[in-house]
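**Q** The structure that follows is given in the form of structure tokens.
The values are calculated or read from the model by the stated rules, or taken from the named source; none is laboratory data. No experiment lies behind these values; they were computed from the predicted model shown. Counting neighbours? That spans all protein chains shown, and the Cβs are built from the backbone with ideal geometry, glycine included.
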Amino acid sequence: MNAIGNASPSPSARFGEAYARLRALEGRGGGGEAELAALPYLTEGPLARQWGVRARTFDAFVARVVVPLELSLGRPLRVLDLGAGNGWLSARMTRRGHAAVALDLRTDSVDGLGAARPFARSLPRMFPRVAASFEAIPLGRRLFDVALFDASLHYARDLAATLAEAAAVVAPGGRLAILDSPFYRRACEGEAMVDEKRRTTRERYRDLADALLSVPAVEFLTADLLAAAAGPLGLVFRRHRVAYPLWYEARPLVALLKRGRAPSRFDLWEAAVP
Ligand SMILES: C[S@@+](CC[C@H](N)C(=O)[O-])C[C@H]1O[C@@H](n2cnc3c(N)ncnc32)[C@H](O)[C@@H]1O
């Protein structure tokens, strides 16, 4: 498998460049190597609260998906990390003895694949990084034991096509997993979030907004949207409900009291590949 190659040209490249600038503005990658090594268990800084949620999903992924596969296969797993960003999850899998591959559109050093470079010094072996879209994965078919999207599936333009592509690179009996994508109970709640996000992106990031909003991503999921996209592929996703911090679990109640928009929740979604 390849090291970093050329990412797709625009509009993905334009989106990727603007996204990297947005991530830098959000403070991503600002904590240097120590922060990178700590992910997802970040306990300090402005992003710690968010990572406190994401760490719970990761723990559930290890307990519910990784450990059962370790026990049933009895060998190192082949793991494909789709939309891997700086590759922290691939690094965690590598430390666990597995063969991970990190794939992302972006190669920048903010929190794209380029930011994974320090892992080469601390890991027993560096995981391969592939600059590509998860909508056209340039890797062999039926190769992986698990392919996962961590905080990335909602960037897909076409949910069914993206799931089909991911399923095609997983061996029969392997797993697809979705972590940290926003799920709403009803599509209208997700659409309200998208409207708000478009508005605030235009207000806050005027010079980046056109590029950021140029990729028509699905932006959110519902159980029904996922089932409709996955069903024809023979994939049945089940939700593993994750116990998140109290403040996160209380958001629906807070929204109700404040008459605000219904919040999403992440959880872990898993399907066996037929
Ligand atoms: C919110 S970040 C999550 C990164 C990482 N998985 C994590 O957990 O920190 C979403 C990532 O998806 C990537 N992405 C978006 N669309 C993509 C696509 N079509 N193909 C590959 N990566 C994509 C972005 O570049 C970004 O790195």
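**Q** Test of understanding: among Gly52, Gly140, Gly97, which residue is in a loop (DSSP other than H, G, I, E, B), out of contact with any strand residue (DSSP E or B) (no Cβ under 7 Å at 6 or more places or on another chain) and over 29 Å from Ala13 (Cα atoms)?
**A** The conditions single out Gly97.
**Q** Give the number of residues within the stretch 206-226 that are under 19 Å from the mean Cα position of the chain (by Cα) and either within 14 Å of the ligand (Cβ to nearest atom) or free of Cβ contacts under 8 Å to residues at least 60 places away in the same chain (or both).
**A** Residues that pass the stated criteria total 10.
**Q** Out of the residues in the stretch 116-150 that are surrounded by fewer than 19 Cβ atoms within 10 Å (Cβ to Cβ) and in contact with an Asp or Glu (Cβ under 9 Å, 6 or more places away or on another chain), state the one that is nearest to Asp180 (Cα to Cα).
**A** In this case the residue turns out to be Glu135.
**Q** Is it the case that Val79 is of a type outside the set (S, T, N, Q) and more than 14 Å from the ligand (Cβ to nearest atom)?
**A** no
**Q** Run down Ala63, Ala115 and say which single residue is closer than 20 Å to Phe15 by Cβ, modelled with pLDDT of 95 or more and not in a loop (DSSP other than H, G, I, E, B).
**A** Going through Ala63, Ala115 in turn, just one is closer than 20 Å to Phe15 by Cβ, modelled with pLDDT of 95 or more and not in a loop (DSSP other than H, G, I, E, B): Ala115.
**Q** Scan the stretch 156-190 for residues that are part of a helix (DSSP H, G or I) and either of a type in the set (Gly, Ala, Ser) or surrounded by fewer than 22 Cβ atoms within 10 Å (Cβ to Cβ) (or both) and jot them down.
**A** If the condition is that a residue be part of a helix (DSSP H, G or I) and either of a type in the set (Gly, Ala, Ser) or surrounded by fewer than 22 Cβ atoms within 10 Å (Cβ to Cβ) (or both), then Leu159, Ala160, Ala161, Ala164, Glu165, Ala166, Ala167, Ala168, Ala187, Cys188, Glu189, Gly190 are the ones that fit.
**Q** Looking for something under 22 Å from Ala272 (Cβ atoms) and among the small types (Gly, Ala, Ser) - is there at least one such residue anywhere in the stretch 135-149?
**A** Checking the stretch 135-149: at least one residue is under 22 Å from Ala272 (Cβ atoms) and among the small types (Gly, Ala, Ser).
**Q** Would you call Val79 outside any helix (DSSP H, G or I) and surrounded by 17 or more Cβ atoms within 10 Å (Cβ to Cβ)?
**A** For Val79, the condition - outside any helix (DSSP H, G or I) and surrounded by 17 or more Cβ atoms within 10 Å (Cβ to Cβ) - is met.
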